[in-house]
Structure formats: C-alpha cells, structure tokens
1. What's the extension gain from Glu285 to His42 if we count 0.36 nm per residue and subtract their Cα-Cα distance?
2. Give, in nm to one decimal, the length gained when the segment between Ala118 and Asn21 is fully stretched (0.36 nm per residue of separation minus the Cα-Cα distance).
3. To make sure I understand the rule: partners must be aspartates and glutamates, Cα under 12 Å from the Cα of Lys52, and not fewer than 8 residues away in the same chain. Which ones qualify?
4. Tell me, Ile225, Ile293, Ile252, Ile234 in order of fewest to most beta-carbon neighbours within 10 Å?
5. In nm, to one decimal, how far is the Ala188 label point from the Arg174 one, both placed 7 Å along Cα→Cβ?
6. Cα-Cα pairs above 18 Å in the stretch 105-183: how many percent?
7. Pairs Lys114/Lys134; Lys17/Lys286; Lys17/Lys46; Lys134/Lys157; Lys60/Lys134; Lys17/Lys49: which exceed 28 Å Cα-Cα?
8. By how many nm would the segment from Ala98 to Arg4 grow when fully extended, if each residue of separation counts as 0.36 nm and the alpha-carbon distance is taken off?
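The numbers here are math on the coordinates, done by the rules we state, and not lab data. Everything quoted here is computed from the prediction, not taken from an experiment. Cβ atoms come from the backbone with ideal geometry, glycine included; neighbour counts cover every protein chain shown.
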Amino acid sequence: MAPRFDPRDRDSGRLRKAVSNSLFELALAFSTPGKNAHALIHEARKTLKHLKTLSRLLHKVDPEAFTRFHAELADLGSALAETREAAALAETASWLAASARAPDEAGRFTRLAKTLEARRDALPAADLRTVLGKAGARCRALSEMAANLPYPQGRKKTARLLAHSWQEMMQEGRRTLSPLTVESEAGAFHDLRRCAQNLSAACALLRSLWPEAMRARQESCRDLIDNLGRESDIEGLMQLMRREPQHFGEAIDQVILERLLTRRRQALRLLSLQQAAPILTVDPEKDARRIRILWEVVGA
C-alpha cells in the first residue's frame, strides 16, 4: 500500500508499515526488472521523491533520524538519475519531434531522437544490472531503516507538526518562485521543480484530509512538473551536445539545433512561471492553518 497520512489512525503503525513496505517492494522490483529497466528506474525515482517529501514533513519528530533517512533516499535517487539520464533525453527528443511546428524542425528533432535512442540502447546490459542490483540492496536497507523511524503520536501534536512542515514547504516555494525570470540560471528552475514535486507529493500524502481538493491541487502541479522536467532535459541535452559534438552532425546543423532547443526551453520556462504563480503563491500561514484544523476535525 502507498504511504499516506490518515488522521483517523490512532497510532503510526500503518504508516510505518506502508513506508517500509514501499521500499521493500522496490527492492523486489529491482531484483526482477524485466525488459524495461528504464521504466522501472523512472517509477522508482518517483517513489523515492514521494518518501523524501514524507521525511521532510516528519523532520521535526527526530531531525537526526529523518535527516539521515532523507540523505539516503536522495543519494539513491542521484545514483539512479545517472542511469535514467540517457532514457530521459531520448524521450524528450521524441516529445520535441512530436510537438514540432514545422516539417524542418520535426525532421531535426526526429534525427536527434534516433541519435539519443541509439546512445541509450548502447548502455551495457551488465552495467545496468549492476546498478539495479545495488539499488535493490540499498532499498532493503532503507526498508529496515524506515521500520525503525520515530513517528508522531497524538492527534493535536501531529496536526501541529504537519501544519508547520506544510507552511515551511509553501514558504520555500514562494521564495524560490519570487526572483525567477526566463533568463534565470538552470539551477533555479531545478529548485522550482523540486518545490512543485514536494507539493504534489505532500498532497498525495495528505489526501485523506480533503480528497477532492488535494487531488485537484496535485493535478495542478502535474503539468508544471512535466514542463519543468522537459526544460531540464533540454538543458541537459544542450550540455551533452557541447561535451560530445561528434554525435550531432555538422557544425552548422548543431548551431541550428541549439537555436531550436533554446527557443523551446525559453517557451517552457515562460509557461512554467505562469503555471507556478497560482500554485505556489497561496498564503502559507492560512494554508497551514487549514491543514491543522482539517487534521483535528477529520481525526476527531
């Protein structure tokens, strides 16, 4: 079962078991990945991000324990990201080709997609198995760690804890969004995506409080996260072209391709800023108060 807070639970046993089980299930999946290991890695990274948000919400229960747990989740996610990158870039190039507005643009992006698919498929199978094997072992260790983490007790104490963590999360989102323009550094947009992912995961974790509203809010984050992910992949693609130009045709073709990519990246940035404004500029204090009251009322 997916980890989810429920104010009607009188103890933390169900949540503790769900967190531990989700990691154990990942370990099992890594041991029998089947044919599409890249899809498995993609889904696994989503689960790890979900659990990182949970650890952020519970951080104040035991800062040392949850900081360590969060760091282990982040480290595993980073290790998987290196393997995921080749597949992500190929998928982004295919999306660029499918959404191109002119035949020449579509042709260039289609050729780019084929180049990146060949690069993805050239990854040695033995290396991929090694990555998955190590990830499985780490998930088993994380499952045991999760089973021993401290969880909050008491309805009112838990309500205050979650409300405070929610407020901090929303404040971080506002601070991250506030100075952004389409010309900001790539890292700033990466931070914005992380804030949107945290909010989306927090809505999923707290869906029992107000199912319709939390689901709607999570949906509003989805397009923003997807667009920021594509923006990030385009930036990564452009960096790859600079590192390994020999794979991307003649110099003039690379110049044209980089211009097309820059234009698409800028459009995604502008759209993302427009989408983020109504999502991340909600009053953090009022939002947190609503979380606290709902927790106390639903759990009464």
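1. Details: separation 243, 0.36 × 243 = 87.48 nm, distance 3.40 nm.
Full-extension gain reported as 84.1 nm.
2. 31.3 nm
3. Counting by Cα, and skipping residues close in sequence, Lys52 has these aspartates and glutamates nearby: Glu72, Asp75.
4. Ascending number of Cβ neighbours within 10 Å: Ile252, Ile293, Ile225, Ile234.
5. 1.9
6. Above the 18 Å cut-off, the stretch 105-183 has 75 percent of its Cα pairs.
7. Numbers: Lys114/Lys134 30 Å; Lys17/Lys286 32 Å; Lys17/Lys46 19 Å; Lys134/Lys157 38 Å; Lys60/Lys134 30 Å; Lys17/Lys49 18 Å.
Flagged as over cut-off: Lys114/Lys134; Lys17/Lys286; Lys134/Lys157; Lys60/Lys134.
8. Going from the current span to full extension adds 30.2 nm.
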